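Shown next, in structure tokens, is the structure this report addresses.
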Amino acid sequence: MRRVGYWISEKKRKKLDFEEHRERFRNAGIELVQIDLKQPLEKQGPFDLLVHKVTDLLARAYDGHQSSERAVQNLETYIQQHPECIVLDPFDSIRRLLDRYTQYQRVSSADMMKDNRCMIPTFVELNSVDVEVNKEKLAKANVTFPLVCKPILAHGSTYAHQMSIIFNEDSLKDITPPCVAQSFINHNAILYKILVVGCKQFIIQRPSLKNLYPGPHPTIFFDTQEVSKADSDHPLNAVDYATLENQPTKPDWVYLDRLGQSMREAMELDLFGFDVIMDSETNQYGIIDINFFPGFEAIDNFFGILLEHIVKVLDAKDRGELVNGRLKPPPHDPACVNILNQLNLEARRASENQLNCMAKSPVTTSSPVIDLSPRSQEKNLLEEKPCSFYLSGNNNLIEASDAGPGDSQ
């Protein structure tokens, strides 16, 4: 019986409970073992393969959190002493994901970027609050307004998901370094999440930020987890359907599927996901975020697919067929593209119309909504006193003030 050890956080276990699938693994000849990182792994082994999600632990260890440091060291020590044990995924590959700037640099130099269909929106690392210094860096990197400011640390805390949209040079005072500033590309409020499990990809269409334009508008602070939920009704992703009808964009699902394998090779990962947008003007595909061991619960049969991958990896190892410790993918099959949870724009339009009708009823009072669509953006925002504001998922304006980002969140 082969032994597979796993470690994921308690929060992650509430969504993906390995213990519920213990019997399924046993039927495939695999003993599933939950690892205790507070105890030496040598006593818990031996392991043929390890599955883990330690990005948060790595981030906290990097920040000097002692118990996280000990847990990471415990796991790394076992891996170093047992090179025969396969690890999904290697720590070196995961560490590259902790820093957003490093992520983007890695992808921007990958072979797939030679294909003009794919790109990373222009980006630059900012480490100063000096507006003039930042202006110069943005200009040099060709980062344009509006731009999205993202914390440099991509994992390890809720702060990693707190971002801002800056519309003009005057609002560069709202930047909180260290961060990555990236040109915002209009993409008609649609995001494609590509989940990769070994040699298989799963594409999910989700809501995203609506089309935005530069101007004398206040900085917006938002949480990406609220904006891109499957059922999100955030004001920042309220689609301007007139714009969609004028600029229809339909993705090439086969290309996105192939992009999943290209990213697997570039990032040297087997269990990860990345976000892609489609430029509403050029139809180019832009990679804007990468995550290790993301929301795989969106895949109905995730544990069956994970088990299949683990068995194939272990069998390939026994036959000496692993390449650099990883499974070689089969030839790409355009007929096997997995598309999940497509966003039905017609359904969203009907739902929005229904909500608008309800809002007109004298019995209901709608929450305050900031309308940032191209047709009304200038009118609404220019009437406001310039300030920074934070939008929550229930469409409420949480707080507005003249203060900087630290005070408005």
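The values are calculated or read from the model by the stated rules, or taken from the named source; none is laboratory data. All values derive from a computational prediction rather than experimental measurement. Cβ atoms come from the backbone with ideal geometry, glycine included; neighbour counts cover every protein chain shown. Each accessible area value is taken on the protein alone, full model and side chains, heavy atoms only, with ligands, DNA and RNA left out. Shrake-Rupley method; radii C 1.70, N 1.55, O 1.52, S 1.80 Å.
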* **From SER351, SER388, SER367, SER361, residue being closer than 30 Å to GLN105 by Cβ, polar (S, T, N, Q) and modelled with pLDDT under 90** => SER388
* strands (runs of 3 or more DSSP E) completely within the stretch 1-86 that count 2 or more residues being among the charged types (D, E, K, R) and open to solvent by less than 90 Å² (accessible area, probe 1.4 Å) -> 2-7
* When you go through LYS114, LYS137, LYS150, LYS53 one by one, which is the residue that is over 24 Å from the mean Cα position of the chain (by Cα) and among the charged types (D, E, K, R)? -> LYS137
* Asked: Given (1) buried (at least 17 other Cβ atoms within 10 Å of the Cβ); (2) assigned to a helix (DSSP H, G or I); (3) in contact with a Gly (Cβ under 9 Å, 6 or more places away or on another chain), where does MET263 come up short, assuming only one miss?
  -> (3)
